[in-house]
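Below you'll find the structure, written out as structure tokens, and then a few comments.
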Amino acid sequence: MITNYLKLATRNLTKRKGYSFLNIAGLAIGIACCILIFQYVAYERSFDSFPKKANQIVRLRLDSYQQGKLSWKSATVYPAFGPTMKKDFPEVEDFCRLHDADLPLSNDARNIKFSELKGYYADPAFLRMFNVQLIKGNPAIALNGPDKLLLSESMAKKYFGNEEPMGKQLVLRDPNYTRTFEITGIFKEFPSNSHLIVNHIASYATMQSIANTSWRDTTNLTETSWGWYDFYTYLQLKPHTDLKKFEAKFPAFCNKYINSSDWAKANNVVAEINILPLRDIHLYSNYNQEAEVNGNGQSVSFLFLIGFLIIGIAWINYINLATARSLERAREVGVRKVAGAIRRNLIIQFMVESFLLNLVALLVAGLIVFLLTPWFNQLTGRTGSADIFTASKYWLLFAAMFICGSILSGLYPAFVLSGFKPVAVLKGLFKNTAGGYLLRKGLIITQFATSVVLIAGTIIVFQQVNYMRKQGLGVNIIQTLVLDGANSIPDSLYQNIYQPFKTALLQLPAIQTVSSSTSVMGKEIYWTNGTKRLDADAKGAVTLYNIGADYDFIPSFELQVKAGRSFSKDFRTDSSAVILNEAAARLLGFEDFNKAINEKLFSAGDTVRLIGIVSNYHHQGLQKAIDPMIFRLVPNARDAYSLKIKTGDVQATIASIQKTWSKFFPADPLNYYFLDELFDQQYRADQRFGKIFGLFAFLAIIIACFGLLGLSAYNVLQRTKEIGIRKMLGASIQNVLYILSRDFILLVLLAFIIAVPVTWWIMHNWLQDFAYRINIQPWVFGVAGLLAVLIALLTISFQALKAAVANPVKSLRTE
């Protein structure tokens, strides 16, 4: 019997190739879109799942309230948190701390040197908590003691080639000291689905050793400091710990160790800590000093929903196309019932057809996914290989959804087609029920409401990204080449080398200006400290973000001086002078900027004089608010050299810079980048989201058109006799087109009315993640609605025109 059903289903599908093609194409595109989206979602939600006890690990976050207002939220905390919380809270099973380890390393034996940025100083517990896989070395002792270094496989290959790296040494050349690291382990490459990018791991004890020898620290800062908040701190909690109850203990903890200090009370500063599960960091953490640029949980959830909507639209199309053939198959059902077929047999037959068609569509979708996955990975920036077939819950979800969708999409046509009265059908008295007609209209409204949401959403996403990229930054970063600073020259010698180096660069014809600084636009500022006024209006210290800059930094970047002046060589006292941006000036309570000039401030342990206030500018992307900033004169800043260059032969200019660099800094590699490209990278994730959103919006609309095509075909079949009579009575082709299109345009307009508030609510919430954002304009909905109407008209016109030009005599004869 099953074989017979399959034969009949195959015969019916191959007999009506156009119908089968539309159904398979719509379903295949829908299923392929769903699988691709699920792959992306599975990858994004798989981050940090590799540690064995990932569900027990949380990361601390520090919030600072100053003068009663939230000043900042940081992904890093003080180093004393870890050991103190392990001692005070029984819920804490283990902890580890990480601190950025940007290391200029060299293998002198092979004359290989690089500036390594993707690594950390780490507690020994990091290896076991994060399940770091050592290929060589003993994890129990690899990070014990100072000057120990673990390398990834690729990094070991870079420095040692085919040599055995274990026990060998790499030299760290800091400007003020030289240290030698012993290679005590080689680890497998860190998974790509980690919020940490780790190419090297230095022992945590090295930091204190550096503090002891270079800073003359006697207070064991890396263990006891409650003010140095640059440490990522992870806690491994005992199983089944109630996070809410655990967090409820934090206020008392902060009051005991931080908020009760004389400094905190005097400056009205309150610290709060929170925890975030390790698995949530990638999608739901966007604070100061994040380890890497994280994803967006809201965007991922939105795309996940779109995956369901697209495959839902595809199954709706199947229903519409199947019912569009009801007139054609009514006589088949009538004949089969007269021949003895019972309704149950017919339902099984139609369900077999549904499953067969869905199965073919699934196979085609699998081929599409196989061919498009490399391109889609490039579009999304995904480097991992994880997909839904390596994540069991997504595989099961898709399988359950496919089976349920196939059954549900097949049930309605099966029950409708099997329910025809044979006598009425064979006499030509067949009519559809009002309920079925309303259902099909409802499905079309749902499809096009979704389409309008996607069209308007795509426009808004691209508007926001375009707004951020083209909005004036308040600073000129065009044609700026940035060189990473030289690290091998001690401070005592550097000041005598930098100025001749700067002079030599300025002698190159393509270079207009050279300035040095501790930070450049597009990079987060980590140098912060408390600053307060010393006049009668002083209220307490506030946290400001520091940039150390030379005399040429402010004029070179064309920062507008609102009051006072910039740093000048004509004033020797500028070594103890500072400049604020508008945000910092207002935070300190200066309303009249001109009156603020020459006021005394207490900052970073010294009394300084305010000599100027510059306009606010966007140091980072427009996703973030402008930070309160303080500029300090550092004539020989060494972190970054910013060169304004002329347009022309850029490669020749870089080659000239390379020669000059090698002459003055032979021990340092030259690393450079264009500042506008670096700044633009901050928008890369939003640009990708816009492209992905737009792609699936377009495909959803294409699929919806298949459904509209099916319903318009059904409508033409239903009204064939009416059209023939109208044409016999003199109706023109235009009249017929209007009559056949009117109802569908009304459906699209109704879909538009439903979609507008839904779109506004969704996109308004999405925009809240941006500090600087567009206002949603009414014309966006007008464009989306107009596009939906035009798409519907183009889709309907094919069937309508075909009916309008048909011979009315033939239409009436066939009726």
Per-peptide average of other Cβ atoms within 10 Å, ordering 228-241, 441-454, 557-570, 649-662 highest first: 441-454, 228-241, 557-570, 649-662
³J(HN,Hα) computed for each position of the stretch 45-62 - Karplus, 6.51 cos²θ - 1.76 cosθ + 1.60, integer Hz, glycine/proline x: 8, 8, 4, 6, 8, 6, x, 4, 10, 4, 6, 9, 9, 10, 10, 7, 10, 10
Relative contact order (%) - criterion: Cα under 8 Å, at least six apart; region: the stretch 36-151: 18 percent
Extension reserve of the N274-Q658 stretch, reckoned as 0.36 nm per residue once the Cα distance is removed: 133.5 nm
Per-pair calculated FRET efficiency, R0 = 45 Å: T213 and L767 via Cβ, rounded to 0.05: 0.35
Heavy-atom accessible area order for K624, K69, K157, largest first, 1.4 Å probe: K69, K157, K624
Positive-end residue of F696, L675, V650, charge dipole of the stretch 648-712 with Cβ unit charges: F696
Q734-F674 FRET efficiency (beta carbon distance; Förster radius 51 Å; 0.05 resolution): 0.30
Accessible surface, the stretch 538-669, averaged per residue in Å² (probe 1.4 Å): 42 Å²
Under-5 Å amide H pairs with A563, H placed in peptide plane, nonlocal only: I613
Extension reserve of the E292-S615 stretch, reckoned as 0.36 nm per residue once the Cα distance is removed: 113.4 nm
For the stretch 537-678: relative contact order, % (alpha-carbon pairs under 8 angstrom, 6 or more apart): 31 percent
Distant-in-sequence amide H partners of S194 (H built 1.01 Å from N, under 5 Å): D48
The stretch 94-208 - share of DSSP beta bridges that are antiparallel (%, nearest 5): 70 percent
Largest-first ordering by accessible area, 1.4 Å probe, given options T380, T518: T518, T380
I348 paired with K595, simple spin-label distance in nm, labels 7 Å along Cα-to-beta-carbon: 9.3 nm
The stretch 48-134 - accessible surface per residue (Å², probe 1.4 Å): 38 Å²
Inter-part distance where the stretch 161-190 and the stretch 676-693 are each reduced to a Cα centre, Å: 35 Å
Area accessible to solvent at V171, 1.4 Å probe radius, in Å²: 20 Å²
Residue-level accessible surface for E182, protein heavy atoms, 1.4 Å, Å²: 70 Å²
Rounded to 5, the percent of DSSP beta bridges in the stretch 544-657 classed as antiparallel: 50 percent
Largest to smallest accessible area among C404, C705 [probe 1.4 Å]: C404, C705
Placed amide H near Q620: partners under 5 Å, 5+ positions off or other chain: G522
FRET efficiency for D649 and T573, using Cβ-Cβ distance with R0 set to 41 Å, rounded to 0.05: 0.45
³J(HN,Hα), Karplus 6.51/-1.76/1.60, whole Hz, each residue of the stretch 155-162, x for Gly, Pro: 6, 4, 5, 5, 8, 10, x, 8
K188 versus N255: modelled label distance in nm, points set 7 Å from Cα along the beta carbon direction: 4.8 nm
Cα-Cα over 32 Å, subset of K238/K691; K624/K644; K168/K523; K245/K532; K168/K238; K256/K562: K238/K691; K168/K523; K245/K532; K168/K238; K256/K562
Solvent-accessible heavy-atom area per residue, rounded to whole Å², over the stretch 153-301 at 1.4 Å: 46 Å²
Dipole magnitude of the stretch 48-97, debye to nearest 20 (Cβ charges: Lys/Arg +1, Asp/Glu -1, about Cα centre): 140 debye
Solvent-accessible surface (1.4 angstrom probe) belonging to R742, in square angstrom, nearest 10: 90 Å²
Rounded to whole Hz, the Karplus (6.51, -1.76, 1.60) HN-Hα couplings of the stretch 192-207, x for glycine and proline: 5, 8, 10, 6, 10, 9, 10, 9, 8, 10, 9, 5, 4, 4, 4, 4
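The values are calculated or read from the model by the stated rules, or taken from the named source; none is laboratory data. Everything quoted here is computed from the prediction, not taken from an experiment. All Cβ positions, glycine included, derive from the backbone under ideal geometry; neighbour counts span all protein chains shown. Just the protein is used for accessible areas: all its heavy atoms, side chains included, with ligands, DNA and RNA removed. Shrake-Rupley method; radii C 1.70, N 1.55, O 1.52, S 1.80 Å.
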